[in-house]
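The next block holds one structure in the form of structure tokens; read it before the comments.
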There are 2 protein chains.
Amino acid sequence: MASVYFTPGPAQLYPTVAGHLQNALDQQVFSQSHRSQAFKDLYRRADEGLRALFGLPQDYAIYFTGSATEIWERSLQSLTSERTYHLVNGSFSKKYLDHAKWLGRDAQVLQVPFGQGFAIDQVQVPAGTELLAITQNETSSGVCVPVADIHLLRERNPEPLISVDIVSGAPYAPLDFSQIDMAFLSVQKGFGLPAGLGVWFVNERCRTKAAQLEGKQYTGGHHSIASLQDQYQGFQTPSTPNVLDIYLLAHVVEDMLAKGLDVIRQETEAKAQQLYGFLEESALFSPFVQEKAHRSPTVIVADVLERPAAEIISILKKQGNIVGSGYGAFKDKQIRIANFPAISGQEVEGLIQLLKRL
Amino acid sequence: MASVYFTPGPAQLYPTVAGHLQNALDQQVFSQSHRSQAFKDLYRRADEGLRALFGLPQDYAIYFTGSATEIWERSLQSLTSERTYHLVNGSFSKKYLDHAKWLGRDAQVLQVPFGQGFAIDQVQVPAGTELLAITQNETSSGVCVPVADIHLLRERNPEPLISVDIVSGAPYAPLDFSQIDMAFLSVQKGFGLPAGLGVWFVNERCRTKAAQLEGKQYTGGHHSIASLQDQYQGFQTPSTPNVLDIYLLAHVVEDMLAKGLDVIRQETEAKAQQLYGFLEESALFSPFVQEKAHRSPTVIVADVLERPAAEIISILKKQGNIVGSGYGAFKDKQIRIANFPAISGQEVEGLIQLLKRL
């Protein structure tokens, strides 16, 4: 019997994935040249779907990379030469910072403890910052930055490019993309696809800055913004991409549009409420994130009280419910429950029943 | 009715791919965490299979990236600081050179016309060269470098690291990996898998050189050899990889081992002989590569005489045989026929019959 994967990525596949994959095999999509009109049509289709789903302003371009990790690197290479500023509150926001340091940038940071969010009034972005990096949803700690706070950061910081990691917040987070300059995600989280594709949304301000740096420093080679944009004009990619994931993404985005993002958001919130509600009342668990406004609706982290987390995970696994372990040092003390669109309300209800019986 | 894809990548899927994909879906492989034991076991399985198939010496490590293109970049970042030397005779060997220039290396080159190979006695690698880049099989022109020549280059050049692009030559090319230092491929060619994964074989000499450069320059961030090796020790990856392709690769490699690489090589040679034999006798086509020793057995390029290549491609397509167009400037004058293991002798025979009737 199939298990339900509440893991925060790779995650439960979106219910329509297997059917789309079969259709693609039947149509021999994965044998088609990535320089063919058929591939260009596919890229355009994914592009149009993503624009509609996220409400992207006209000036955004959409590029594909091997992973979201690669986008940390490429965005810093193409968009910064000196100064970056990072809001760090977990392992993934920290990794964006690491990339900036590896690249020799003067990377400044506002760091708050694991499990905490940011008091926006305390964010003081230094003058001269080229890129402000925000992790909208920290997959490691289950802390989100409310989108209103991101919009406020733009209002207060018109100069720096604002880069938003929406890896585990998309497509739920109702971000206004006209208030930021770039965002990125990987497909094995909220879209419920097999891993292996990063998706990068880049606006005109980014492309202008990238053009200024071009020729002055190494901007990322085949995956510089200039190179990606050059190919994007013809719905092409600099290297052979993960066509399978682009195909699945194009189709799952259409499925989500057909269902309606409003419906997906309502369902996400209802499931999150159920899960947090249970954690609040449970004697065995408690929500790790204290501040309610900073509790992620899509990655829910629970402290496990008294019993080892591994024991809980193992019992649930035998019952066909796979939940994630705590991240890094919290492996033994926490569980993580992904609440992505692929997970139904019934499945969340089923998990809660099992958690209650522990 | 299904078509046969003679395209040089993305290419015909290996016949067992659809079945493996179904099994993986049934077992929910793509929902498993890339930090799980299940993934480590999968990586180990792919590693063991690839070692056996290619006869890799013990000291080789195997890393995964987003593409072979990325390996051009990463190998130069991790293994060179100053001087590289490139054998260029087509678009892909040229791209390796481009990456070296983009990275600011003093990149020297021996360039011969498109469609020609190298007279090995003319290869004079300058002293101080850190990396000698050889494209064993030029997908653009259908020219190969005989493996005996590569072994001879090692004999004459013991100092530089030798990097061999086997993207469209693997697994056919009987390369002795103890005579080189690294090699790389992408899975949408000879392995007949969906695109989106680069595979990098790296020996101890490379890792030693990479360690010397570490801290002195940007060596590739999360995809530096140091970072890849660090994760590889535990059969892990620095970022979430294309698990689907790694799964398919592990299984298709086992299928190839079960069939026997000797058998695959014999079949490849027999099919190549049939195709080149036809081209030699045809009034409509002639083999593009004149020097027989440099004719690739896996990517066969034909000049189309008198008629436009697009017309030929279109007629064949209607008959369910998809052949590749010529590369770049040769688009209108040539066709490319991939002769990968996924293509059967019968399918080659069928194509030849159609070509004869044109």
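The values are calculated or read from the model by the stated rules, or taken from the named source; none is laboratory data. Everything numeric in this text was worked out from a predicted model, so none of it was measured. All Cβ positions, even for glycine, are placed from backbone atoms using ideal geometry, and neighbour counts span all protein chains on display. The accessibility values were calculated without ligands, DNA or RNA, using every heavy atom of the protein model including side chains. Shrake-Rupley method; radii C 1.70, N 1.55, O 1.52, S 1.80 Å.
Taking region A:221-248, which residues are outside any helix (DSSP H, G or I) and more than 17 Å from A:Thr208 (Cα to Cα)?
Result: A:Gly234, A:Phe235, A:Gln236, A:Thr237, A:Pro238, A:Ser239, A:Thr240, A:Pro241, A:Asn242.
Of the residues that make up region A:120-142, is at least one surrounded by fewer than 24 Cβ atoms within 10 Å (Cβ to Cβ) and touching a Gly at 6+ places or on another chain (Cβ under 9 Å)?
For region A:120-142, residues surrounded by fewer than 24 Cβ atoms within 10 Å (Cβ to Cβ) and touching a Gly at 6+ places or on another chain (Cβ under 9 Å): absent.
Give just the number: which of (1) open to solvent by less than 40 Å² (accessible area, probe 1.4 Å); (2) touching a residue at least 40 places away in the same chain (Cβ under 8 Å); (3) farther than 30 Å from A:Thr16 by Cβ does B:Asp59 not satisfy?
Evaluating B:Asp59 over (1) open to solvent by less than 40 Å² (accessible area, probe 1.4 Å); (2) touching a residue at least 40 places away in the same chain (Cβ under 8 Å); (3) farther than 30 Å from A:Thr16 by Cβ leaves (1) as the failure.
Matching residues to (1) free of Cβ contacts under 8 Å to residues at least 60 places away in the same chain; (2) open to solvent by 20 Å² or more (accessible area, probe 1.4 Å); (3) under 19 Å from A:Val202 (Cβ atoms):
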{"residue": "A:Ser75", "(1), (2), (3)": "no, no, yes"}
{"residue": "A:Tyr96", "(1), (2), (3)": "no, no, yes"}
{"residue": "A:Trp102", "(1), (2), (3)": "yes, yes, no"}
{"residue": "A:Gly117", "(1), (2), (3)": "no, no, no"}
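I need the full set of residues from region B:138-193 which are within 14 Å of chain A (Cβ to nearest Cβ) and over 25 Å from B:Pro241 (Cβ atoms), in order please.
B:Ser140
Can you say whether B:Asp106 is more than 28 Å from A:Ala11 (Cα to Cα) and either open to solvent by 50 Å² or more (accessible area, probe 1.4 Å) or outside the structural domain of B:Pro171 (by the TED database) (or both), as far as the supplied structure shows?
So B:Asp106 passes the test.
Only residues that are open to solvent by less than 40 Å² (accessible area, probe 1.4 Å), of a type in the set (A, V, I, L, M, F, W, C) and more than 11 Å from every other protein chain (Cβ to nearest Cβ): list them for region B:1-54, please.
Residues satisfying the conditions are B:Leu42, B:Ala46, B:Leu50, B:Leu53, B:Phe54.
Need pairs with beta-carbon distance below 6 Å; first residue touching a residue at least 60 places away in the same chain (Cβ under 8 Å) and within region A:178-197, second buried (at least 24 other Cβ atoms within 10 Å of the Cβ) and of a type in the set (D, E, K, R); sequence gap 6+ or separate chains.
Going by the 6 Å Cβ cut-off, the qualifying pairs are A:Val187/A:Asp245; A:Leu193/A:Asp245; A:Gly196/A:Asp245; A:Leu197/A:Asp245.
With (1) touching a strand residue (DSSP E or B) at 6+ places or on another chain (Cβ under 7 Å); (2) within 14 Å of another protein chain (Cβ to nearest Cβ) as the list, and A:Leu248 as the residue in question, which single condition is left unmet?
(1)
What are the residues in region B:194-218 that are open to solvent by 10 Å² or more (accessible area, probe 1.4 Å) and within 13 Å of chain A (Cβ to nearest Cβ), if any?
Answer for region B:194-218, where residues must be open to solvent by 10 Å² or more (accessible area, probe 1.4 Å) and within 13 Å of chain A (Cβ to nearest Cβ): B:Glu214, B:Gly215, B:Lys216, B:Gln217, B:Tyr218.
When you go through (1) small (Gly, Ala, Ser); (2) more than 14 Å from chain B (Cβ to nearest Cβ); (3) closer than 16 Å to A:Asp165 by Cβ one by one for A:Ser67, which number turns out not to apply?
Of the numbered conditions (1) small (Gly, Ala, Ser); (2) more than 14 Å from chain B (Cβ to nearest Cβ); (3) closer than 16 Å to A:Asp165 by Cβ, the odd one out for A:Ser67 is (2).
Does A:Ile246 meet the test of being crowded, with 21+ Cβ neighbours inside 10 Å and either under 20 Å from the mean Cα position of the chain (by Cα) or farther than 18 Å from A:Phe114 by Cβ (or both)?
So A:Ile246 passes the test.
What's the number of the only condition in (1) assigned to a loop (DSSP other than H, G, I, E, B); (2) touching a residue at least 24 places away in the same chain (Cβ under 8 Å) that B:Pro158 fails to meet?
(2)
Determine which single condition B:Val301 fails, assuming it passes every other condition in (1) free of Cβ contacts under 8 Å to residues at least 40 places away in the same chain; (2) away from every other protein chain (no Cβ under 14 Å).
(1)
Considering every residue within region A:313-332, establish whether at least one is free of Cβ contacts under 8 Å to residues at least 24 places away in the same chain, in contact with a strand residue (DSSP E or B) (Cβ under 9 Å, 6 or more places away or on another chain), of a type in the set (Lys, Arg) and within 21 Å of A:Asn137 (Cα to Cα).
Yes.
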